[in-house]
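Enquirer: Submitted below is the structure of interest, expressed as structure tokens.
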Amino acid sequence: MEKAAFAANAPARELVHQARSMEHANWPPRHPQPQGPSYLNECRNIANEVGDAALYQQQIQGDNAAAFESLHDELHLADLLQNQPGKSLIRLLVGVGIRAHFYDRLEIITSGVVLTKDPADSKDLQRSVARNLIAQLLPQQDANAEMNDVLRDEHTT
């Protein structure tokens, strides 16, 4: 069942992977419905799929490198939702939720990861990739400044 789901969702995961080349996304404006924009539900759904695929890649296929590529894709989706001009609170919160999902999967995967310096090893995680991911995770924006940005943007749109 897991293998079938992994194969069936490959095209959607490939689109998320291609989105890593994007520095920003043009999300739709705020939606008047109380439940919020439906594209955010789809973002959450695909983030769940990408995170589950990372677990499958590591734990079933034994491919640490591919698992971390998938996790990096999920993190970038969270970044695209959170780091945009005209932020909306709901989009920010969905981005935070996707980032939390990423951290959950990261914690599970790193407990069994094998690091390597061998460039010919395509299955284990290259130390340089791990180092770059750690560097990407360390800088954090001040939460008060981020909320001020969001609230200011919501009042002007």
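Enquirer: Quickly run through the range 105-130 and pick out the residues that are open to solvent by less than 40 Å² (accessible area, probe 1.4 Å), assigned to a helix (DSSP H, G or I) and in contact with a helix residue (DSSP H, G or I) (Cβ under 7 Å, 6 or more places away or on another chain).
Expert: Within the range 105-130, R105, L106, I109 qualify.
Enquirer: Determine if the range 37-57 includes at least one residue that is at negative phi, free of Cβ contacts under 8 Å to residues at least 60 places away in the same chain, in a loop (DSSP other than H, G, I, E, B) and within 15 Å of the chain's Cα centre (by Cα). Don't jump to the end; show me each part of the working.
Expert: So the first thing to find is which residues in the range 37-57 are at negative phi, and the list is 37-57.
Of the ones still in play, those that are also free of Cβ contacts under 8 Å to residues at least 60 places away in the same chain are 37-57.
If we keep only those that are in a loop (DSSP other than H, G, I, E, B) as well, we get 37.
Filter once more, keeping what is within 15 Å of the chain's Cα centre (by Cα): none.
Within the range 37-57, none of the residues are at negative phi, free of Cβ contacts under 8 Å to residues at least 60 places away in the same chain, in a loop (DSSP other than H, G, I, E, B) and within 15 Å of the chain's Cα centre (by Cα).
Enquirer: Does P11 fit the bill of being more than 16 Å from the chain's Cα centre (by Cα), modelled with pLDDT of 95 or more and loosely packed, with under 13 Cβ neighbours inside 10 Å? It would help to see each step written out before you state the result.
Expert: Details: more than 16 Å from the chain's Cα centre (by Cα): yes; modelled with pLDDT of 95 or more: yes; loosely packed, with under 13 Cβ neighbours inside 10 Å: yes.
It is true that P11 is more than 16 Å from the chain's Cα centre (by Cα), modelled with pLDDT of 95 or more and loosely packed, with under 13 Cβ neighbours inside 10 Å.
Enquirer: Quick one: in the range 40-72, of everything that is of a type in the set (A, V, I, L, M, F, W, C) and touching a strand residue (DSSP E or B) at 6+ places or on another chain (Cβ under 7 Å), which residue is surrounded by the most Cβ atoms within 10 Å (Cβ to Cβ)? Outline the logic, then answer.
Expert: The first filter runs over the range 40-72 and keeps only residues of a type in the set (A, V, I, L, M, F, W, C), leaving 40, 43, 46-47, 50, 53-55, 60, 65-68, 71.
Then drop every residue that is not touching a strand residue (DSSP E or B) at 6+ places or on another chain (Cβ under 7 Å), which leaves 65, 68.
On the way: A65: 19, F68: 23.
Out of the qualifying residues, it is F68.
Enquirer: Counting only residues that are small (G, A, S) and modelled with pLDDT of 90 or more, how many does the range 102-121 have?
Expert: The qualifying residues number 1.
The values are calculated or read from the model by the stated rules, or taken from the named source; none is laboratory data. Nothing here was measured: the structure is a model prediction, and the numbers come from that model. For neighbour counting, all protein chains shown are included, and Cβ atoms are generated from backbone atoms with ideal geometry for every residue, glycine included. Ligands, DNA and RNA are excluded from the accessible area calculation, which covers all protein heavy atoms including side chains. Shrake-Rupley method; radii C 1.70, N 1.55, O 1.52, S 1.80 Å.
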